[in-house]
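The values are calculated or read from the model by the stated rules, or taken from the named source; none is laboratory data. Computed from a prediction, not measured in an experiment: that's the story for all the values here. No Cβ is skipped: glycine too gets one built from the backbone with ideal geometry, and neighbour counts run over all protein chains shown.
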Amino acid sequence: MKISFLSRIDRYIIAKFLGTYFFSIVLIISIGVVFDFNENIDRFTESNAPWRAIVMDYYLNFIPYYANLFSALFVFISVIFFTSKMADGSEIIAMISAGISYRRLLVPYMISSAIIAVMTFYLGAEVIPRSSVKRLAFENTYKKRIKNPTYADKVQLQVEPGVIAYMEHFDGISKTGIHFSLDKFENKKLVSHLSSNMAVYDTLSDVRYQWHLRDVTIRELRGMREKITNYDVVDSIIRMEPQDFLFIRNQQETMTNTALKEYIEKQRNRGSGNLSIFEVEYYKRYASPFAAFILSSIGMSLSSRKRKGGMGLALGIGIALSASYILLQGISATFSTNAGMHPALAAWMPNILYTLIAIYLYRKAPR
């Protein structure tokens, strides 16, 4: 069924846009896979990486990750490529001569950008974080040979307002903590102190935050009175998990939007320190899809004019601008992590800057 508010020209441009976009992804990512395999084959061989893991755990998750990461670049290349061909064939001139305004000509570009934006947001928020678990595990094991931390010493955190947990040592493999204590404060006064020689996280329980405490002593303080109770075993709900003690490299990339937001709020309530690396990742997932609108507008403005040299100059400018956009994303994230820039500003700064560029080029574009 045809959509009534779209003309034949709109459908023609949308088909050109999306067809070129997906073709460029297949072409460039395929080349990227070949180069990556050629560069890392020695490491895979030396580390005895299984072929099934190379294909299923690494490259099967490598493709969507980098396709989504460089989506802005693919949008730019696609717009410049097919729009330049249309301009060289005098199709743009014919459309404008037929009474289609330059603003109206942007409509199918924006519709295509909306489709890409929705797709990249869903992939970045839900699909890729789950697939990144296997990809990062493979990279750490066979490619970079980085071991994730399996233990932590002298860990202290606020599990709830006024409730402080402490572990002298935590083993991430057995999910066991040694010399565990839990202090509860009311009006900045200690009212309860729990100490346990061993705290074991229940990984099989359907109940979240389930801990088994052994050799437990509970001291309850009420004014000048103190009540001491001893237990061999206590099953308790304590709002902390093993991942709260062990920070895994690039952990933010493995969290869905819901999990990432929950983690940030939980750590903020606990009074944790710098969370900017997680906050930038969260805000970036909302900011990045808008790049499709901004960069497609810039690409349209650059390539809609017929040039003697063909698309070469426009393509070169487009690649430079899209590469600088991706570079600026990394620079702004670094400023947030190390220089105190607000994470939301760091995530949206490339969009703000390139929106100004898009407005300038739009005004300079031919009518």
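Observations, loosely collected:
- Yes/no for L73 being within 30 Å of Y286 (Cβ to Cβ), assigned to a helix (DSSP H, G or I) and either touching a residue at least 24 places away in the same chain (Cβ under 8 Å) or not assigned by TED's automatic domain parsing to the domain that holds L302 (or both): yes
- For the residues I31, I25, I14, I77, the requirement of being buried (at least 20 other Cβ atoms within 10 Å of the Cβ) and at pLDDT 90 or above singles out I25.
- Selection within the range 327-352: residues that are of a type outside the set (V, I, T) and loosely packed, with under 15 Cβ neighbours inside 10 Å. The member of this set that is nearest to the chain's Cα centre (by Cα) is G330.
- Every test in (1) within 25 Å of the chain's Cα centre (by Cα); (2) surrounded by 15 or more Cβ atoms within 10 Å (Cβ to Cβ); (3) of a type outside the set (V, I, T) is passed by Q210 save one, and that test is (1).
- Test: T83 is modelled with pLDDT under 90, within 27 Å of Y282 (Cα to Cα), among the hydroxyl-bearing types (S, T, Y) and not assigned by TED's automatic domain parsing to the domain that holds M167: no
- Test: A72 is more than 21 Å from S288 (Cβ to Cβ) and either over 35 Å from the mean Cα position of the chain (by Cα) or buried (at least 20 other Cβ atoms within 10 Å of the Cβ) (or both): no
- Among the residues here, V127 does not qualify as farther than 29 Å from I9 by Cα, outside the structural domain of L321 (by TED's automatic domain parsing) and out of contact with any Cys (no Cβ under 6 Å at 6 or more places or on another chain).
- In the range 100-147, the residues that are surrounded by fewer than 18 Cβ atoms within 10 Å (Cβ to Cβ), modelled with pLDDT of 85 or more and of a type in the set (F, W, Y): Y122
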